[in-house]
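For reference, the structure is listed below as structure tokens.
Each value in this text was obtained by applying a stated rule to the coordinates, not by laboratory testing. This structure is a prediction, so every number in the text was calculated from the model and none was measured. Backbone-built Cβ (ideal geometry, glycine too); neighbour counts: all protein chains shown.
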């Protein structure tokens, strides 16, 4: 039998391979001190009886450890093994609505800005697009940390903040669709960002819903996977529904509403999706904040009643089933489908009798006892440990380059093709000289832009379903994250050369033909591979760098603020530089600068380590494993 590697040991214990390796070489002081958990030292698993083996002979301890490692190594976690699937579905629906809205806007934003003022040159439109894209994230930067603190407060909680974010985004979406000037559109985009701190809250809720680390690599993958679904649907909807009077003149050219508000239709559809997500959160999502878990939730009660009515209607002639919680290694109840005993009438004596050991308690007579895992809250000044600072630095650099790519990509696709017969936009433009001095874009229309952006989502879904889970399990979160960051510099270096690919149509017509689409798909594939591994791994690292569970929402709020700040200055700065270099004749300069930022992000990743989410212990903290053991007695 081969020796268990550091990476496999790290996968079973939920720690990085570097941490696992360092524990192998450490002395026995962490075992000798019983109060070590309060000092942040490695903790044994009482459920496995490790404490009872300390005095056993060495060969017995080795055999027991080997059996435990082998059994854990053989255990494979699939999608159907995830606990609390209903809650994860609701969180996924809440996340799906937002990327659907954002990517729908991007497919036609360049042309909507042109519609506001047709006299503006393309370089100015590109700068305005960067400002418009950054306005949402700039507002998020100013408020995301505040929403994180509010989500940690017992007066509001996670669910309230989530509902405020969805409703604010819905109102801003409607206002943006009916805007007739750049200033109006900018105001409504900013309004959506001010009220929206949902990304950090959703990540916090996933962490609190799925607390066992063996499930986290798949649970945290749901959010970026949902983003890719939105990337597929959103651009296609935006491209098809935008400007119906101009896109389908034979049908809608005489409809006054479509002439006066050509971009209202996709925004109204997006607002409907947001409204549905808001209803699903209100009626289907449980509050995960410890201090509010036992309070009455009117929306949740209504959702259970409606679900009960549907079950009654569709299972009138079927046996009733119920979910009974089983004791597990974490505080999250894993559910087992079992026949209910409440279908038969019971006597009063049988109801008053104490339950037998191992018997299933009917849901109607079972009361959940909630025990908080901590009683104190970590002060704000103690949040910024060394690992938190370096993790946020790497998070900033990745958000800067990914956010800027998302902003510039659709502008580059919509930028007119270089026409050698047309005079330069500025008199001092550099003459075309390959391989570095050239200008122009692909000149795609909204429907084609939507299709090109949907390629991102199609690749992402396939990679996240079939490639990410096995490779992440094999190499670990930290190592796969570092390797994936190397894909971004390659992508950004190659993007501007798409404008040089041969086309089946001459300039100034849009690029077309199999060559351009194959090249476009190849470049996007490289970017999606990096994003598939980097985004979920980055979320896990931010989650696990939290020094104490009481500030988990705050840390995710800070992470979202850092990300929003990077996604604000990146599109504004690079949007301005893109318009400048486009006019000067060097369209690739801004892309190559973005590649340099991506290289810095890859270097910064070596300063980050994977934490355990409880680096600092306060008085009264309870070990999660100990609480589960006591609850099962």
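Points to keep in mind about this one:
- Treating each Cα of the range 499-571 as an identical point scatterer and summing with the Debye formula, the log10 of I(q)/I(0) at q = 0.13, 0.24 Å⁻¹ comes to -0.63, -1.05.
- In terms of overall dimensions, the C-alpha atoms belonging to the range 93-153 reach 50, 26, 14 Å along their principal axes, ordered largest to smallest.
- In the range 214-257, the inverse of the mean reciprocal separation of distinct Cα atoms equals 13.0 Å; this is its Kirkwood hydrodynamic radius.
- The Cα-based radius of gyration of the range 482-527, divided by its Kirkwood radius, gives an Rg/Rh of 1.09.
- Take every pair of alpha-carbon atoms less than 8 Å apart whose residues are at least six positions apart; their mean separation over the length of the range 493-633 yields a relative contact order of 31 percent.
- Ranking of 109, 80, 145, 278 by neighbouring Cβ atoms within 10 Å, starting from the fewest: 80, 278, 145, 109.
- The range 598-619 and the range 192-261: distance between their alpha carbon centers, rounded to Å: 30 Å
- Alpha carbon convex hull of the range 516-557, projected area averaged over orientations, nm²: 3.5 nm²
- Of the three principal axes defined by the Cα atoms of the range 384-517, the extents in descending order read 57, 34, 25 Å.
- Gap separating the Cα centres of the range 547-572 and the range 117-133, nearest whole Å: 28 Å
- Compactness of the range 73-191, taken as the C-alpha radius of gyration over 2.2 N^0.38 Å, stands at 1.39.
- One compactness figure for the range 138-207 is 1.18, namely its Cα radius of gyration divided by 2.2 N^0.38 Å.
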